[in-house]
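Asks: Structure below; questions to follow.
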Amino acid sequence: MSRPLNFIPRGRLAAWLAFGAAGLATGAVWATGFASVGAGNGTTGESPAMAKTAPSTNTSALSNKVTAVDPISFDWDGRWGKITAPKVMFEVDLSGAAYDGTRRYNIALLLANTSVLTGWASLQLEFEQVQIAANGTCDAADFDGTQNAKVLNVDDQDAGVYWNSLVGDKVYCLGIFTSDGDDFAGTFLRAAQDTAPSSFPQFITTVDRAA
């Protein structure tokens, strides 16, 4: 008798069924397929920088607060120099709420020359600082030889005088009073020869926030 085409002996069928059950249990029979490829180096480059806005120039709140007024005028009797008229040299205007009285400021009057002051034997000047009300105007008549006086002895390029911890919302006047030029504790002016010196000092005033 012939066997049907789909006939499988019972022993072999049992073996296949056992193998399939084991495969399902372990996942080895129906596992997901895998494939692999190699790799090589391509283009190499740095990470580009992030573009940023260029910083703007910082503007000081104290810019344009100092105004130059008048230069000093020296007169001469032989080798002795003198100052015959008081002068307002600088005006520092700290008027307004932005510079209120709770803040403090430093003012400096400095020698600006960086070269030799030819023709001088002695050069010493007594400067004064007068405080007036906000929005006021400096007047040379306010100088009398006693107003917050500071003596600047011109002996090196770092010469200067300083007024510190000044209140805000005021105007400060810097200048010089009259002098016969022979006060060794104040203004003392002496030429190195019988003619007037050939160069004269120049000054600069600065103001900065102290507190």
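Bear in mind that the values in this text are calculations on the coordinates, not laboratory data. Not measured: the values here are computed from a predicted model. We place every Cβ from the backbone using ideal geometry, glycine too, and count neighbours over all the protein chains shown.
Asks: Taking θ as phi - 60°, what are the ³J(HN,Hα) couplings along region 184-195 by the Karplus curve (6.51, -1.76, 1.60), each to the nearest whole Hz, with x for Gly and Pro?
Replies: For region 184-195, the Karplus curve yields 5, 9, x, 7, 9, 10, 9, 7, 7, 8, 6, 10 Hz.
Asks: Just in region 28-98: which chymotrypsin sites (Phe, Trp or Tyr not before Pro) are loop by DSSP and have at most 10 other Cβ atoms within 10 Å?
Replies: TRP30, PHE34
Asks: State whether region 51-138 is rounded, prolate or oblate according to the following rule on the C-alpha gyration tensor (a ≥ b ≥ c being the square roots of its eigenvalues): a/c under 1.5 gives rounded; otherwise a/b larger than b/c gives prolate, and the remaining case gives oblate.
Replies: Since a/c reaches 1.5 but b/c is at least a/b, the shape of region 51-138 is classed as oblate.
Asks: Going by C-beta contacts inside 10 Å, put MET50, MET89 in order with the fewest on the left.
Replies: MET50, MET89
Asks: Need one word for region 112-163: rounded, prolate or oblate. Basis is the Cα gyration tensor (sqrt eigenvalues a ≥ b ≥ c); a/c below 1.5 gives rounded, then a/b vs b/c decides.
Replies: Prolate shape, in that a/c is at least 1.5 and a/b is the bigger ratio.
Asks: For a footprinting-style exposure proxy, rank GLU128, GLU91 by other Cβ within 10 Å, fewest first.
Replies: GLU91, GLU128
Asks: Please state the shape class of region 130-190: rounded when a/c is under 1.5, otherwise prolate if a/b exceeds b/c and oblate if not, all from the C-alpha gyration tensor.
Replies: Here region 130-190 falls in the oblate category.
Asks: Can you tell me the alpha carbon radius of gyration of region 101-211 divided by the globular rule-of-thumb value 2.2 N^0.38 Å?
Replies: 1.17
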